[in-house]
Amino acid sequence: MAEEFQEIGHSGGKITFTVATDESGHRTYQVGFSSRRPVPVVLIGVYATWDGIPFAHMSFSGIGGPSENPPPGGLPVQIASDSEGKFGHNCPRCKRYWRSGPHSNRCPYCAFSAPSYAFLSDAQRRYVRRYCDVLGTALDAEEDSEVVIDMDEVADAVGKEGEKPAFFVSEKSQQHKFVCKECEEFNDILGRFGYCSCCGTRNDLQDFEDTTIPGIRIRLNAGHAPEDCVRDAVAAFDSFMAQLAAELVKFIPMTGRRKHRLLKQSFHDLADVKQTFAQWFDVDIYVGMKEVECASVARMFQRRHVYEHNAGVVDQGYLDKTQDTSVVLGQRIRETQEGAHDFLNSLVKMARNLHSWFQELFPPLDAPIRAFQEKKSRMAMHEAEWKR
């Protein structure tokens, strides 16, 4: 897998236009594609105007499948992936760049939704314009011809000095790569958090549940102080909350006071968090949790303050806020490994509640998720038949 911001070459191959004149004098053409490079190759298609402006997605039918009726004035253009089988994309609204599979439906940064052709990268758009220009020139010529676009030259030019080929296309790895759990699409985005570019599911919960919390558990099981793990877990939950809060401010009109609360203040005071989100957004972060568990989580959040600011020693403020009778003033608090693991379990429940509520406000796209579920069902059925 490529490192951060590393240039990724094109998958190469050759595109051949065979231009001929039929018996009635009409100019016709056929397009062929071949590749011999030992790298993944994925092909997509768009329809473009003759001056190279993409305006519709093109579907590839399988052998014997029904052919697609092209839109009026649409010139079919084949676009091949980079050498990792991925495609770069640019958002037409926020202009930011990412890599993913062939068909992006939503910007991972600003959540703008559009047809997949609208998210072609800047380099791909230059390629489409050049593609249309070359084909148009060949059709305008008086003689029949065979014109080859050599994308192998493009692939070989990556990382080399000097003038690039006219069709030069390359992509660039970003910082955080993840596979969406809802639709299994690959995403490579700047930063760490964002929306899946295929189905639009936020990746905050996936990161929290599959990376952050397991990382804390590993340290906890390796003998790290449970008190430190509790402190780090609260910090991780604070970060999780901050990401969702920033998205709420981005998409929901609200007063300056509320924006300040969500963007400038922490989420360490769980009582305040519960009240704020219940009153402002009608969400209960404790859904599905018993009262004794809720009280334990709230107590742990207060203990984080003691660990962070009072070297783990109980002060009067802690006793007043928690009514914790298991410790006395001046005592140094000790956590158990089991208690810390229980706390992590509770944080995951709360994060799931918030994620579910957020996705209810900003729903993912149903079609990619449904297609993935149907694919899994077919695979499971074929596997069961194979085992018989």
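Laboratory data are not the source of any read-out in this text; all were calculated from the coordinates shown. Keep in mind that what you see is a predicted model, and the values were worked out from it rather than measured. Glycine also receives a Cβ, built like all others from the backbone with ideal geometry; neighbour counts cover every protein chain displayed.
Among the lysines of the range 205-363, pairs that are 8 or more positions apart or on different chains and have alpha carbons within less than 18 Å of each other number 8.
Under 5 Å from the amide H of Arg202 lie the amide H atoms of Cys196, each residue being 5 or more positions distant or on a separate chain, with H modelled from the backbone and absent for Pro and chain starts. Here the range 77-146 is treated as a Stokes sphere of Kirkwood radius computed over C-alpha pairs; at 37 °C and 0.692 mPa s its diffusion coefficient rounds to 243 µm²/s. For Met58, the amide hydrogen comes within under 5 Å of the amide hydrogens of Gly45, Val46, Tyr47, counting only partners 5 or more places away or on other chains and with H modelled in the peptide plane.
For the range 308-358, trypsin sites (Lys or Arg not before Pro) meeting the loop criterion (DSSP other than H, G, I, E, B) and having at most 13 other Cβ atoms within 10 Å: Arg334. Applying a DSSP loop filter and a limit of 14 other Cβ atoms within 10 Å to the GluC sites (Glu not before Pro) in the range 140-209 leaves Glu142, Glu143, Glu161, Glu163. Taking only the Cα atoms of the range 7-189, the radius of gyration and Dmax are 17.1, 56 Å. Whole-Hz Karplus values for the range 122-133 come out as 4, 5, 5, 5, 5, 4, 4, 4, 5, 4, 5, 5 Hz, taken residue by residue from phi with 6.51 cos²θ - 1.76 cosθ + 1.60 and θ = phi - 60°; glycine and proline positions read x.
Please give the calculated 222 nm ellipticity per residue for the chain, where each DSSP H segment of at least 4 residues contributes -39500 (n - 2.57) and the sum is spread over every residue; nearest 500 deg cm²/dmol? All intermediate terms of the calculation are to be shown ahead of the outcome.
Details: 11 runs with 158 residues, N = 388.
Roughly -13000 deg cm²/dmol at 222 nm, from the helical runs in the chain.
Relative to the dominant Cα principal axis of the chain, helix 291-309 is inclined by about 90°. Against the chain, whose longest principal axis comes from its Cα atoms, helix 226-251 is set at around 50 degrees. Counting Lys and Arg as +1 and Asp and Glu as -1 over every other residue whose Cβ lies under 15 Å from the Cβ of Gln265, the net charge comes to +3. Close lysine pairs were tallied over the range 7-189: pairs 8 or more places apart or on different chains with Cα atoms under 19 Å apart number 9.
(1) 215; (2) 136; (3) 193: which one is volume of the Cα convex hull per residue in Å³ as calculated from this entry? Answer label, from the structure shown: (1). Couplings 3J(HN,Hα) of the range 269-285, computed from phi: 8, 5, 4, 5, 4, 4, 5, 4, 6, 6, 6, 7, 10, 6, 10, 10, 6 Hz, in residue order, whole Hz [Karplus 6.51 cos²θ - 1.76 cosθ + 1.60, θ = phi - 60°; x for Gly and Pro].
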